[in-house]
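A.B. asks: Below: one structure in structure tokens.
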Amino acid sequence: MPTEGAATRPDDPSLADAAASLFGAYLHVPFCRRVCPYCDFAVVAGREDQAERYVAAVTAEIERAEPFPSAPAAVFVGGGTPTRLSPVALARLLRVLERRRGLAPEVEVSLEANPEDWSPAVAASLVAGGFNRVSLGAQSFDSGVLAVLGRRHHPREAEKAVFSAHDAGFASVNVDLICGTPGESPASWRASVERALAAGIDHLSVYALTVEAGTPLSRAVAVGAPAPDPDRQAERWEEAAYLAAAAGLIRYETSNFARPGHACRYNLITWAQGEYEGFGTGAHRHRGGTRSWNVRRLDRYLEAVEAGGKVVSGAETLGPWEQEAERLVLGLRRAAGVRAGAGGGRLEQSEAGRRLSAAGVLERVGDRLRVARPLLGDEVSRAVLALEPADC
Amino acid sequence: MPARSLSPELSLPPTALIRNFCIVAHIDHGKSTLADRLLERGAAVSRRDMREQMLDSMDLERERGITIKAQAVRLHHRAPGGAEYTLNLIDTPGHVDFTYEVSRSLAASEGAVLLVDAVQGVEAQTLANAFLAVEGGLEVVPVVNKIDLPAADADRVAVEIAAVLGVSPGEVLRVSSKSGAGVDELLAAIVERIPPPRGEDSDPLRALVFDSYYDTYRGVVCYLRVRDGRISTGDRLRFLATGESPAADEVGVLTPRAVPVATLGPGEVGYLITGVKEIDRIRVGDTVTRADRPATVSLPGYREPKPMVFSGLYPSDGDQFERLREALEKLRLNDASLSYEPETSRALGFGFRCGFLGLLHMEIVRERLEREYDLDLVATAPSVAYRVVLPDGREQEVRSPQDLPEVRREILEPYVRALVITPSTYTGTVMELLREHRGELSSMQYLTPERVELVYRVPLAEIVFGFFDRLKSSTRGYASLDYEHDGYRAADLARVDILLNAVPVDAFSAIVHREAAYSYGRRLVDRLRGLIPRQLFDVPIQAAVGSRVIARETVKARRKDVLAKCYGGDVTRKRKLLEKQKEGKKRMKMVGQVEVPQEAFIAVLRVDAD
Ligand SMILES: Nc1nc2c(ncn2[C@@H]2O[C@H](COP(=O)(O)OP(=O)(O)OP(=O)(O)O)[C@@H](O)[C@H]2O)c(=O)[nH]1
Ligand code: SF4
Ligand SMILES: [Mg+2]
């Protein structure tokens, strides 16, 4: 984990590009106390009785995995709610991973946590177990908004979680906030962001509430419940970006802001098209040019692992052009942008690329391309994907 | 061309044992279903291969449940006395837009089976088609269909038909095309009442090309009706109108499968393949004769159908212009009522101004082009053809609003003679509706006490855009409509232009009655505001008559277009989502700096429907 002394700006292009040659590892923990109405991740509620079986299954999956190309430089335990497993169980999984090929010096070890399940004791045990970064799902500091989101914690708990994480020795503390929830006002949003920043976070993620098909939220919207308004979400994001900058957090990706030295390395690997392994239900991996993903259902996953069978449910291998397009799409999410390369040149020449440049959305800086108006980033991505395939 | 073995059972019938007829009716009265029953009885189709509305072979026909193309098929019929008849049947479309298909089919037949739905009774195309058949000198066999329906009133309907044709109700047959009841009696009547074809085997060959299509492997395939003489494989031919003289590579009959035969004699219906691949060398309506012993007098061909509406068709990808041209050429071979000429639009680039027989025809042509020729097209707002009198007194036809001359003495608007048949209880409603559409009553006649025939003079534009839907909905579907061109009249018209981002988009311009200009412009602008997605900048939409803006709206710039993070490294899902959105983009057309969805161009014509 880089220290404050050697602090690199999170939007530093060399930091962004260097992540391409690092190896990451992702561990999925599907358990949640209850399923939030907007959530469409691979999650289960009320199945903690399977926790032990699950840890055993993930252990087996890690042990059977293809050899790693190098020691992981970043480990990310996500969910679900990883803290539905005990700190001991989480530490055990980390050890299993470490046995494969060790961990890189200064490895970043992140986990996601809900303020509900957090306590100074949990925090201390996790640090003792090897975790050094935590991402707290605060979502909002407005209790009305939390209620709409189906979150049961009190705003005060989230704030305390930040403090206790730092006290326990976490080197980096992130807070996730969701903007555009119906019922949120400009003032309540501003207050949420200010409160998170005032708690001394090192990293902030701002996500716009998205209505995902098949969720209770989407069914509610279908019968007339208010849907998030993208214009309001744009305003919220701009407000958050302004406040974060004033607090010394630099935007380095569409939704992510960090103090120097606190960029999330695991995510940098993803955006740099780097390789990573994934373990657990619905986990994704990127190895040797192939992306593949595990079965999402807990029972099927457990049975498959226990029977010694395959847990991969799908895979795709991109051709050279698709890979180049993907490199751009992922890289352009970063404030550092991406080396233009063959595909970037073609993008700039294309009709859509020229329009985006004229509108100030796409920008060239030396040999790099960047998205200067990050809220319109998908427009650029579609323009990339619409380019005719070419040799590269 | 490889020689194929010839089916022995398809040997030549003597003329006296041939009957050529078509089935005509108002739309949905059951023509294609009756054809199914006849096919089951007499065609070379096994029960296993039968399917409903067998002759509706195009995907579009099956999806929409309507016949678009007339379709010929040869059947066998053994009469109770033992005589073996050959029946050539043509199933025709019922929709008013395809009347031209009917008239060509009639020209290949000696008789017409006129079907009338036992519930609906006589409707507008029943009359129109009956008149066409009688005018063509055909023997009409009137039939009440769908007698199995609980609400069927065969007696009443028989009286209606008899009145129209001037025959006795006793001559009207009754069938159920669904159950097959009465179909044998119908077959007997066909053999008995319809005369065999006349024509001399020994005369020089004269055969009428009544349809054609383009086959990728075999080139142009013609459908023929032989009048006199005989056409055989290997004959050197001559097409009288075009002067082409190819050899007959293959002649055959449709069972409905194409089956080669050695020769087709007088009265027979079949197909001809010459190996000609250049489409413009063959013309529907032409007469085929033999080069070595040519006939000199052509058979009466077809009147070129007069298009009712015009619309611009543009490839959404400019590179596809040549492909569109080829596709139009090939499609025209199979749809002689389609006409087109190149045009350019500032907004859409190079394309064609196409003439259609109506909006359904336009829709079908566009869909066939897209499906059968794998094109992606943008259609502009349809328009009728106006005549403009210039200051020097000369007249000029204007098929596209963008061609309307600035300086003019007056604009003449096309009118139609519209025939509406309605249950008498709706007479008031229908008259009111026609008045709203600037119609003038020419005549009114009771076909029976319950059924009224109204004849109006109405501007074509009123009829073509929206009137039919309103007629149907205000009479609960009971009124029916048929129309034909009926001259021009001066009218007070104005062109409404649409400006996107301050740039006029010619493809959206429309010529409308001046009184309606404001409300038309208003609706169009509102509708476009809903259809044009938000862009990277504000897009003003304006409607204008001349330099006067009559309506305006703004599509606000898009502010947020980005999705949340890639959860736990799920890059694939995000890419797939973007790919899908990108596909949606493909259906967009760049007009200046503005992305306009292709539906917007079509939606303009639904402006009256809401
Ligand atoms: N009950 C009943 N339904 C029938 C009969 N004949 C046809 N139909 C139904 O009427 C509908 C229209 O039949 P089609 O044979 O497609 O009618 P068409 O005259 O060929 O229609 P177009 O080609 O579009 O003009 C279908 O749903 C048929 O199943 C009949 O004798 N009895
Ligand atoms: S806590 Fe997170 S993972 Fe669990 S249901 Fe809620 S949103 Fe989904
Ligand atoms: Mg039909």
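Read the figures in this text as sums done on the coordinates, not as results from a lab. This is a predicted model, so every value here is computed, not measured. For neighbour counting, all protein chains shown are included, and Cβ atoms are generated from backbone atoms with ideal geometry for every residue, glycine included.
A.B. asks: Given labels modelled 7 Å from the Cα in the Cβ direction, how far is it in nm from B:Arg218 to B:Thr429?
C.D. replies: 5.0
A.B. asks: Net charge near B:Arg293: determine it from the other residues with C-beta under 12 Å of the C-beta of B:Arg293, scoring Lys and Arg +1 and Asp and Glu -1.
C.D. replies: Details: positive: B:Arg206, B:Arg230, B:Arg236, B:Arg238, B:Arg290; negative: B:Asp203, B:Asp228, B:Asp235, B:Asp292.
Charge balance near B:Arg293 sits at +1.
A.B. asks: Mean separation of Cα pairs under 8 Å and 6+ residues apart, divided by the residue count of chain A: what relative contact order is that in percent?
C.D. replies: 18
A.B. asks: Same structure, new question: Can you show me the helix-derived [θ] at 222 nm for chain B, built from DSSP H runs with n ≥ 4 at -39,500 (n - 2.57) apiece and divided by the number of residues, rounded to the nearest 500.
C.D. replies: That calculation yields -7000 deg cm²/dmol at 222 nm.
A.B. asks: What does the average come to when, for each residue of peptide A:378-385, you count the partner chain Cβ atoms lying within 10 Å of its Cβ?
C.D. replies: Working: counts 9, 7, 2, 10, 9, 2, 2, 7.
Mean shielding count: 6.
A.B. asks: Provide the packing ranking of A:203-212, A:357-366, B:116-125, i.e. peptides ordered by the mean count of other C-beta atoms within 10 Å per residue, highest first.
C.D. replies: Ranked by mean Cβ neighbours within 10 Å, highest first: B:116-125, A:203-212, A:357-366.
A.B. asks: Once R0 is set to 41 Å, what does the formula 1/(1 + (r/R0)^6) return for the Cβ-Cβ distance between A:Asp12 and B:Glu322, expressed as a FRET efficiency to the nearest 0.05?
C.D. replies: 0.20
A.B. asks: Over region A:107-247, one equal point on each Cα, no solvent: what is log10 I(q)/I(0) by the Debye formula at q = 0.14, 0.15, 0.17, 0.21 Å⁻¹?
C.D. replies: These q points yield log10 I(q)/I(0) values of -0.66, -0.74, -0.91, -1.22.
A.B. asks: Counting only other chains, and only Cβ atoms inside 10 Å, what mean value do you get across the residues of A:261-272?
C.D. replies: Whole-number average of other-chain Cβ neighbours for A:261-272 is 1.
A.B. asks: Further question: Quick one: what do you get for region B:389-491 if you divide its Cα Rg by 2.2 N^0.38 Å?
C.D. replies: Normalised Cα radius of gyration, region B:389-491: 1.27.
A.B. asks: With viscosity set to 1.002 mPa s and temperature to 20 °C, compute the Stokes-Einstein D of region B:40-157, Rh being the Kirkwood radius across alpha carbon pairs; µm²/s, no decimals.
C.D. replies: Using the Kirkwood radius from Cα pairs, D works out to 135 µm²/s.
A.B. asks: Taking the Cα atoms of chain A, what is the range of coordinates along each of the three principal axes, in descending order and whole Å?
C.D. replies: 56, 52, 50
A.B. asks: Non-local amide H neighbours of B:Ala551 (under 5 Å, H modeled in plane, Pro and chain starts lacking H): which ones?
C.D. replies: For B:Ala551, the qualifying residues are B:Ala543.
A.B. asks: Continuing with the same structure: Take every residue in peptide B:573-580, count the Cβ atoms of other chains within 10 Å of its Cβ, and give the average of those counts.
C.D. replies: 4
A.B. asks: Pairs of Cα atoms under 8 Å, at least six residues apart: use those to get the relative contact order of region B:38-120, whole percent.
C.D. replies: Taking the mean separation of contacting Cα pairs over the length of region B:38-120, I get 21 percent.
A.B. asks: Can you pull the percent of Cα pairs in the protein assembly as shown with separation above 42 Å?
C.D. replies: 55
A.B. asks: Once the convex hull of the C-alpha atoms of region A:58-149 is built, how many Å³ does it hold per residue, rounded to a whole number?
C.D. replies: Cα convex hull per residue, to the nearest whole number: 110 Å³.
A.B. asks: Would you please report the Å³ per residue occupied by the convex hull of the alpha carbon atoms in region B:494-609? Walk me through the numbers on the way to the answer.
C.D. replies: Values: hull volume 12.0 nm³, N = 116.
Looking at region B:494-609, the number lands at 103 Å³ per residue.
A.B. asks: Say each of B:Arg529 and B:Val167 gets a label point 7 Å from the Cα, pointing the same way as Cα to Cβ; how far apart are those two points in nm?
C.D. replies: The two pseudo-label positions are separated by 6.0 nm.
A.B. asks: Taking the Cα centre of region A:320-385 as the origin, how large is its charge dipole in debye, to the nearest 20, when only Lys and Arg (+1) and Asp and Glu (-1) carry charge on their Cβ atoms?
C.D. replies: Details: 12 positive and 9 negative charges, 45 e Å.
For this selection, approximately 220 debye.
A.B. asks: A further question follows. For region B:389-412 and region B:466-489, what is the centre-to-centre distance using only Cα atoms, to the nearest Å?
C.D. replies: Cα centroid of region B:389-412 versus Cα centroid of region B:466-489: 28 Å apart.
A.B. asks: Distances longer than 34 Å among the Cα atoms of chain B: what percent of all pairs is that? Intermediate values should be presented prior to the final figure.
C.D. replies: Values: 91983 of 185745 pairs.
Of all Cα-Cα distances in chain B, 50 percent exceed 34 Å.
A.B. asks: Please work out the Kirkwood hydrodynamic radius for region B:206-290, using every pair of different C-alpha atoms, and report it in angstroms with one decimal place. Don't skip to the end; give the middle numbers.
C.D. replies: On the way: mean 1/r = 0.0813 Å⁻¹.
Computed over region B:206-290, the radius equals 12.3 Å.
A.B. asks: Mind listing the Cα extents of region B:350-422 along all three principal axes, in Å, largest one first?
C.D. replies: Extents along the principal axes, in whole Å: 46, 44, 15.
A.B. asks: Now for a separate question. Could I have the simple spin-label model distance between B:Ala291 and B:Ser232, label points 7 Å from Cα toward Cβ, reported in nm to one decimal?
C.D. replies: The modelled label-to-label distance comes out at 1.7 nm.
A.B. asks: With θ set to phi - 60° and the Karplus curve 6.51 cos²θ - 1.76 cosθ + 1.60, what are the ³J(HN,Hα) couplings of region B:179-188 in order, to the nearest whole Hz, using x for Gly and Pro?
C.D. replies: Listing the rounded values in order: 8, x, 4, x, 6, 5, 4, 5, 4, 4 Hz.
A.B. asks: Show which lysines lie in cross-link reach of B:Lys580 when reach means a straight Cα distance below 25 angstrom and same-chain residues fewer than eight apart are skipped.
C.D. replies: Those lysines meeting the cut-off are B:Lys556, B:Lys560, B:Lys565, B:Lys589.
A.B. asks: Got the relative contact order for chain B handy, in percent, Cα pairs under 8 Å and 6 or more residues apart?
C.D. replies: Here the relative contact order equals 10 percent.
A.B. asks: Compute the acute angle (0 to 90°) between the alpha-carbon long axis of helix B:321-334 and the principal axis of greatest extent of the alpha-carbon atoms of chain B; round to the nearest 10°.
C.D. replies: Helix B:321-334 and the main axis of chain B meet at about 30 degrees.
A.B. asks: Turning to a different aspect of this structure: For region B:499-513 and region B:87-129, what is the separation of their C-alpha centers, rounded to whole Å?
C.D. replies: Answer, in whole Å: 40.
A.B. asks: Students often forget the sequence filter, so: which aspartates and glutamates lie under 15 Å Cα-Cα from B:Lys585 once same-chain residues fewer than 8 apart are removed?
C.D. replies: Partners found: A:Glu351, A:Asp378, A:Glu379, A:Glu388, B:Asp317, B:Asp376, B:Asp561, B:Glu595, B:Glu599.
A.B. asks: So how compact is region A:181-224: Cα radius of gyration and Dmax in angstrom?
C.D. replies: For region A:181-224, the Cα radius of gyration and maximum Cα-Cα distance read 14.2, 41 Å.
A.B. asks: For region B:210-254, what does the convex hull of the Cα positions come to per residue, in cubic angstrom? It would help to have the intermediate numbers written out before the result.
C.D. replies: Working: hull volume 4.5 nm³, N = 45.
Here the figure is 99 Å³ per residue.
A.B. asks: Separate question: Run the reach check for B:Lys146 against lysines, Cα to Cα strictly under 26 Å, same-chain hits fewer than 8 apart removed. What comes back?
C.D. replies: B:Lys31, B:Lys69, B:Lys178, B:Lys472
A.B. asks: Could I ask something else about it? Mean 1/r over all different Cα pairs, inverted: what Kirkwood radius does region A:260-392 give, in Å?
C.D. replies: For region A:260-392, inverting the mean 1/r across all distinct Cα pairs yields 16.5 Å.
A.B. asks: Whose amide H sits under 5 Å from the amide H of B:Val591, counting only residues 5 or more places off or on another chain, with H placed in the peptide plane?
C.D. replies: So B:Val591 has HN proximity to B:Val596.
A.B. asks: Which part of region A:300-317 falls in the paramagnetic zone of A:Arg53, meaning amide N under 16 Å from the point 7 Å along Cα-to-beta-carbon?
C.D. replies: A:300-309, by backbone N distance to the label point.
A.B. asks: Mind pulling the angle between the C-alpha long axis of helix B:154-165 and the longest principal axis of chain B? Nearest 10 degrees, somewhere in 0 to 90.
C.D. replies: Computed tilt is about 90 degrees.
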